[in-house]
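Peer 1: First the structure, then my questions, so here it is.
The values are calculated or read from the model by the stated rules, or taken from the named source; none is laboratory data. The shown structure was predicted, so the numbers you read here are calculated from the model rather than taken from an experiment. Note: ideal-geometry Cβ built from the backbone for every residue, glycine included; neighbour counts use all protein chains shown. The area values use the complete protein model at the heavy-atom level, side chains included, leaving out ligands, DNA and RNA. Shrake-Rupley method; radii C 1.70, N 1.55, O 1.52, S 1.80 Å.
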Amino acid sequence: MVFSSLRRYFSMRSQSSKVQTLYDHCKTIFSPSGSPPPSSQALQKLSSILDTVQPADVGLKEETADDDRGHGFFGANVLNRVARWAQPITYLDIHECDSFTMCIFCFPTSSVIPLHDHPGMTVFSKLLYGSLHVKAYDWVEPPFVVESKGPGYPQVRLAKLAVDKVLSAPCETSVLYPKHGGNLHCFTAVTPCAMLDILTPPYIQDERKCTYYHDYPYSAFTAGNAPVCDGEEEEYAWLAELESPSDLYMRQGVYAGPTIQP
């Protein structure tokens with residue numbers, strides 16, 4: 001009994017070390033004002049720490065693939081697929097302060113976080129398990145906008161495709177920056193998966209809020225003087241703001257990993 005308790009104790013100490021190390025490093029390099037900015041070495045160290053994190057380190061157990069895996073969108077039992085798609089994405093809050101947010105998103109298969117931005121933010125994302133399709137854009141600078149021509153014609157802004165691929169764990173940490181790296185992105189779960197995110201600075205309601213977008217093919221709008229060369233049209237899209245996404249289904253969960261000691 002004593003040895004069993006000791007094993008559990010040292011197991012939790014081992015698990016907590018990575019989460020605590022992440023927190024301690026973030027607390028050291030990030031500030032609410034963002035000044036001075038972290039060095040490239042400090043950011044690389046954060047990515048390196050994240051690269052080592054496993055699901056068990058944050059209190060997660062890897063989800064197994066769904067029963068209809070291999071049948072695609074049109075396979076097996078329709079009712080089972082509808083029930084599966086109705087499952088929400090679960091948001092787990094690990095830590096939030098004025099300088100950064102640490103959180104986890106747990107995705108059931110086929111769930112979606114629609115296209116959204118991270119204004120003035122840097123985001124580190126570590127896929128803990130599963131496969132996730134990422135599509136991401138960066139704004140074309142200087143801004144190129146096509147104004148609305150009336151009801152039913154949204155104002156759109158030109159963006160360039162930065163990422164369009166499937167990530168499968170284990171893989172390296174992804175990083176997006178305020179002006180490059182795919183600051184506007186959307187996620188679609190190919191299998192059950194979980195993503196550990198560190199966002200700095202964090203979202204703040206009415207000051208640094210999340211805006212959602214719909215992307216239109218470049219050919220959908222006419223802009224004779226757009227800075228796009230012939231043959232590159234597929235690398236660009238027009239983004240229109242959305243009031244609220246209709247396909248975002250998320251719930252708050254309870255983080256079950258090791259407690260962070262401030």
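Peer 1: Using a probe of 1.4 angstrom, how much of the accessible area of region 116-155 is carbon and sulfur, in percent? Working shown, then result.
Peer 2: On the way: 960 of 1730 Å².
Here it works out to 55 percent.
Peer 1: With all protein chains present and a 1.4 Å probe, how do 139, 238 order by accessible area, largest first?
Peer 2: Largest accessible area first, the residues go 139, 238.
Peer 1: Write down the Å³ per residue value for the convex hull defined by the alpha carbon atoms of region 104-262.
Peer 2: Considering the Cα atoms of region 104-262, their hull volume per residue is 146 Å³.
Peer 1: Can you list which of the trypsin sites (Lys or Arg not before Pro) found in region 171-262 are DSSP loop residues with at most 12 other C-beta atoms within 10 Å? Each step should come with its number before you reach the end.
Peer 2: Values: sites: 179, 208, 209, 251; in loops: 179, 209.
Filter output for region 171-262: 179, 209.
Peer 1: Here is a further query. A 28 angstrom limit on the alpha carbon distance is what I want to check against. Which of 27/135; 27/179; 27/126; 27/209 exceed it?
Peer 2: Violating the 28 Å limit, Cα to Cα: 27/135.
Peer 1: Run the quick spin-label model on residue 48 and residue 133: label points 7 Å from Cα toward the beta carbon, then report their separation in nm to one decimal.
Peer 2: So the two model labels end up 3.6 nm from each other.
Peer 1: Given labels modelled 7 Å from the Cα in the Cβ direction, how far is it in nm from residue 98 to residue 141?
Peer 2: 2.7 nm
Peer 1: Given a Förster radius of 30 Å and the C-beta distance between residue 62 and residue 33 as r, what FRET efficiency does 1/(1 + (r/R0)^6) yield to the nearest 0.05? Don't jump to the answer; show the numbers that get you there.
Peer 2: Numbers: r = 38 Å, r/R0 = 1.28.
Taking R0 as 30 Å, the efficiency between residue 62 and residue 33 is 0.20.
Peer 1: Right, another one. Taking a cut-off of 19 Å between Cα atoms, list the aspartates and glutamates near residue 18, but don't count ones fewer than 8 places away on the same chain.
Peer 2: Within reach: 51, 57, 62, 93, 96, 172, 197.
Peer 1: How big is the gap, in Å, between the Cα center of region 203-262 and the Cα center of region 90-134?
Peer 2: Region 203-262 and region 90-134 have Cα centres separated by 13 Å.
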